Amino acid sequence: MKTLLAGILFASSALCASPKLSYSRSFPGSDPEYFLVQVDRNGSLEYKESPNDDHPVKAQLQEAEVTLLFSTAEKLNYFKSPLESGLKVANTGKKTFRYEDENGTASETTFNYSTNESARDLLERFENIAATEHAYLDLDRTVHYDKLGVNDALATIEALWLHKQLTAPQQFVPLLTRISTHESFMHLVRERAARLKDEFQGATPSASTDPKQK
């Protein structure tokens with residue numbers, strides 16, 4: 001009876017699972033050489049820079065951003081068709097789009113370069129997410145281990161923000177609060193962190209949803 005009940009509960013949870021989109025890029029020699037971004041339909045985001053990373057960075061995307069990602073994936077028939085252009089272009093890394101529906105059925109496609117406009121749009125959105133999370137990791141590292149590097153890390157984050165490439169800016173608020181209120185950081189750094197914190201806290205849901213608005 002317990003086995004049957006466990007099976008029913010497992011099947012029920014599988015059916016209720018949220019659809020997921022993911023994008024990974026493997027490009028030896030780049031920084032990072034590998035990353036994976038995964039987003040579910042509820043906006044939960046996970047980012048890792050190693051396939052074996054058991055502690056990914058987690059954040060929450062705004063509904064507007066999630067809707068754009070999934071609607072673009074739908075235009076691409078959830079990656080059931082090839083996206084590789086076949087053109088002789090420079091290698092820019094092995095890129096993979098993957099979609100997993102609520103039943104766990106998955107479809108994916110891998111490419112180096114695509115001429116499909118929707119694919120290029122989705123690629124840019126995911127690249128922006130990856131750049132944001134990589135910047136988050138860098139800021140977290142410098143805050144804890146390299147205080148002299150914090151200002152450069154903040155400059156990278158601010159550049160992403162100004163170019164409307166920063167996603168889920170609220171995830172930075174706890175780190176920015178720590179920097180802005182801790183006297184071990186230079187006054188200039190504390191001021192910059194405080195300003196960014198105020199801007200990120202006041203960000204609207206549509207603040208960075210369109211990578212073409214630059």
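The values are calculated or read from the model by the stated rules, or taken from the named source; none is laboratory data. Note that this is a predicted model, so its numbers are computed, not measured. All Cβ positions, even for glycine, are placed from backbone atoms using ideal geometry, and neighbour counts span all protein chains on display.
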TODO: Would you mind finding the one in Pro205, Pro211, Pro169 that is at pLDDT 95 or above and either touching a strand residue (DSSP E or B) at 6+ places or on another chain (Cβ under 8 Å) or under 21 Å from Tyr47 (Cβ atoms) (or both)?
DONE: Pro169
Open item on the list: Can you tell me which residue is surrounded by the most Cβ atoms within 10 Å (Cβ to Cβ) among those in region 77-122 that are in contact with a Phe, Trp or Tyr (Cβ under 6 Å, 6 or more places away or on another chain) and closer than 24 Å to Leu166 by Cα?
Closed with: Phe97
Open item on the list: Need the failing condition index for Ser114 against (1) touching a Ser or Thr at 6+ places or on another chain (Cβ under 9 Å); (2) in contact (Cβ under 8 Å) with a residue 40 or more places away in the chain, just the number.
Closed with: (2)
Open item on the list: All but one of (1) closer than 16 Å to Glu127 by Cβ; (2) in a loop (DSSP other than H, G, I, E, B) hold for Lys95; state the number of the condition that does not hold.
Closed with: (2)
- [ ] Having 3 or more residues that are within 13 Å of the chain's Cα centre (by Cα) and of a type in the set (Gly, Ala, Ser) is the bar; report the helices (runs of 4 or more DSSP H) wholly within region 113-187 that clear it.
- [x] 117-145
- [ ] Taking only region 75-111 into account, find how many residues are touching a residue at least 24 places away in the same chain (Cβ under 8 Å) and of a type in the set (A, V, I, L, M).
- [x] 4
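If I ask for residues that are over 11 Å from Val66 (Cα atoms), assigned to a strand (DSSP E or B) and touching an Asp or Glu at 6+ places or on another chain (Cβ under 9 Å), which ones from region 16-37 would you list?
Ser22, Tyr23, Arg25, Ser26, Tyr34, Phe35, Leu36, Val37
Taking Tyr47 as the residue in question, decide whether it is out of contact with any Cys (no Cβ under 8 Å at 6 or more places or on another chain), within 17 Å of Asp138 (Cβ to Cβ) and without any contact (Cβ under 8 Å) to a residue 40 or more places away in the chain.
Working: out of contact with any Cys (no Cβ under 8 Å at 6 or more places or on another chain): yes; within 17 Å of Asp138 (Cβ to Cβ): yes; without any contact (Cβ under 8 Å) to a residue 40 or more places away in the chain: no.
Spelling it out, it is not the case that Tyr47 is out of contact with any Cys (no Cβ under 8 Å at 6 or more places or on another chain), within 17 Å of Asp138 (Cβ to Cβ) and without any contact (Cβ under 8 Å) to a residue 40 or more places away in the chain.
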Open item on the list: Between a residue in region 50-74 that is part of a helix (DSSP H, G or I) and surrounded by 14 or more Cβ atoms within 10 Å (Cβ to Cβ) and any residue that is of a type in the set (Asp, Glu) and at pLDDT 95 or above, which pairs come within a Cβ distance under 6 Å, given they are 6 or more apart or on different chains?
Closed with: Thr72/Asp121
Task: Single match in Arg178, Arg125 (criterion: in contact (Cβ under 8 Å) with a residue 12 or more places away in the chain, surrounded by fewer than 20 Cβ atoms within 10 Å (Cβ to Cβ) and charged (D, E, K, R)) - done: Arg178
